[in-house]
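Taking it in order: structure first as structure tokens, then the write-up.
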Amino acid sequence: MNVSVSAAETLRSALGELLDGLPPRQAAQAVERLIATYRGATPTAAPILRDRADVAAYAAYRMPATFEAVCSALEAFADAVPRWTPGSHTDVGGGTGAATWAVSAVWEGRRPVTVLDWAEPALALGREIAAANPALDEVRWRRARIGSALALDPADLVTVSYVLNELAAPDRAALVDAAAGAAQAVVIVEPGTPDGYARVIEARDRLVGAGFHIAAPCPHSAGCPIAPGTDWCHFSARVSRSSLHRQVKGGSLPYEDEKFSYVAAARFPVSLASSRVVRRPQIRKGQVLLDLCETEERLARTTVTKKHGELYRAARDADWGDAWPPRP
């Protein structure tokens, strides 16, 4: 079985047990309130997750989506650094540890991990959930205020997922600088919205300025070819929907697509993709249309037809976010 699929199933099972004894209506109301808080325009220094009921409901609702989005970003990064494995990991603003689960799914084995978050109930629940994953028995769950005063210990990998949207601009800049100063590799994931993409680009520029090489999704470390305000770069990860998802959002589909923006960068050399598929491929009779971000700092559309043989078959299997052409 695929490692990330196995980890996702273990995570869903552990999260399902959290909701035992919590009335469905109370769980749904907690999630709706928390979503409204997270969508607010004003960042807050106070913990948003206040108690175990808040954390259990929101973890069951959001952890699978965060896990899948971060897994997708990490897999693209791992493809660019095939001979590298993180020996240590710091998850900034990690809450209940979704990114920590994702790292353990992409790179097997144990490693020292520190999860930093301001919300003690989230850390406590993260510790409880992690007991279901033997790879996470060396995780330290530490309370810390995420912002300009944060000091990070050296780590091979620092992840920052769905955190920058909670911070004011000076704190965002300070956090990215702290991550760059502490890590050999940094992976940042934000919601796949225009604002989320803007925060990722801001972080990307700071990482490049700190001497990092962009590994993914961009096939270069130069400026983004998207003209500001005209579009945004984002990707999609498929997430199995729980009964709590269906309660809160309605609908009957057994899955939903989590849209996310990200940047992965390293201080050491990386193996860049020739280009990246930046929109869902359009499959038509006898041809596939691929929208690509290319190494020449430009966006382009290429058409792959049956006459291209193996490349055409690869194009039919290509997915949004894949490197193109496929690596050997």
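The values are calculated or read from the model by the stated rules, or taken from the named source; none is laboratory data. Please read these numbers as outputs of a predicted model, since none were measured by experiment. Here Cβ is always computed from backbone atoms with ideal geometry, including for glycine, and neighbour counts include all displayed protein chains. With ligands, DNA and RNA removed, areas are computed over all heavy atoms of the protein, side chains included. Shrake-Rupley method; radii C 1.70, N 1.55, O 1.52, S 1.80 Å.
Brief remarks follow.
- Every pair of residues 6+ apart whose Cβ atoms lie under 9 Å, when the first sits in the stretch 215-238 and is over 15 Å from VAL189 (Cβ atoms) and among the hydroxyl-bearing types (Ser, Thr, Tyr) while the second is open to solvent by 40 Å² or more (accessible area, probe 1.4 Å) and assigned to a strand (DSSP E or B): SER221/HIS213
- Only a single item in (1) touching a helix residue (DSSP H, G or I) at 6+ places or on another chain (Cβ under 9 Å); (2) at pLDDT 95 or above is not met by VAL239, and it is number (2).
- Residues in the stretch 267-293 that are more than 20 Å from the chain's Cα centre (by Cα), within 23 Å of GLY192 (Cβ to Cβ) and open to solvent by 40 Å² or more (accessible area, probe 1.4 Å): GLN282, ILE283.
- Selection count, the stretch 267-318, where residues are assigned to a strand (DSSP E or B) and either closer than 13 Å to CYS218 by Cα or of a type in the set (Asp, Glu) (or both): 9
- Only one entry in ALA227, ALA182 is among the small types (Gly, Ala, Ser) and either crowded, with 22+ Cβ neighbours inside 10 Å or at pLDDT 95 or above (or both), namely ALA182.
- Count - residues of the stretch 119-140 that are open to solvent by 30 Å² or more (accessible area, probe 1.4 Å), in contact with a Ser or Thr (Cβ under 6 Å, 6 or more places away or on another chain) and in a helix (DSSP H, G or I): 0
- Every condition in (1) farther than 22 Å from ALA178 by Cα; (2) open to solvent by 40 Å² or more (accessible area, probe 1.4 Å) is met by THR85 except one, and the failing one is (1).
Matching residues to (1) assigned to a helix (DSSP H, G or I); (2) in contact with a Lys or Arg (Cβ under 6 Å, 6 or more places away or on another chain); (3) open to solvent by 50 Å² or more (accessible area, probe 1.4 Å):
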| position | (1), (2), (3) |
| --- | --- |
| ARG142 | no, no, yes |
| GLY147 | no, no, no |
| ALA151 | no, no, yes |
| LEU157 | no, no, no |
| VAL160 | no, no, no |
| ASN165 | yes, no, no |
| ARG172 | yes, no, no |
| ALA178 | yes, no, no |
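- Inter-residue pairs, beta-carbon under 7 Å, first under 16 Å from SER275 (Cα atoms) and touching a residue at least 12 places away in the same chain (Cβ under 8 Å) and in the stretch 309-321, second assigned to a helix (DSSP H, G or I) and not charged (D, E, K, R), 6+ apart: GLY321/SER72; GLY321/ALA76
- Restricting ALA203, ALA210 to residues that are buried (at least 21 other Cβ atoms within 10 Å of the Cβ) and in contact (Cβ under 8 Å) with a residue 24 or more places away in the chain narrows the list to ALA203.
- Residues (in contact with a strand residue (DSSP E or B) (Cβ under 8 Å, 6 or more places away or on another chain) and either open to solvent by 80 Å² or more (accessible area, probe 1.4 Å) or at pLDDT 65 or above (or both)) located in the stretch 242-261: LYS249, PRO254, TYR255, GLU256, ASP257, GLU258, LYS259, PHE260, SER261
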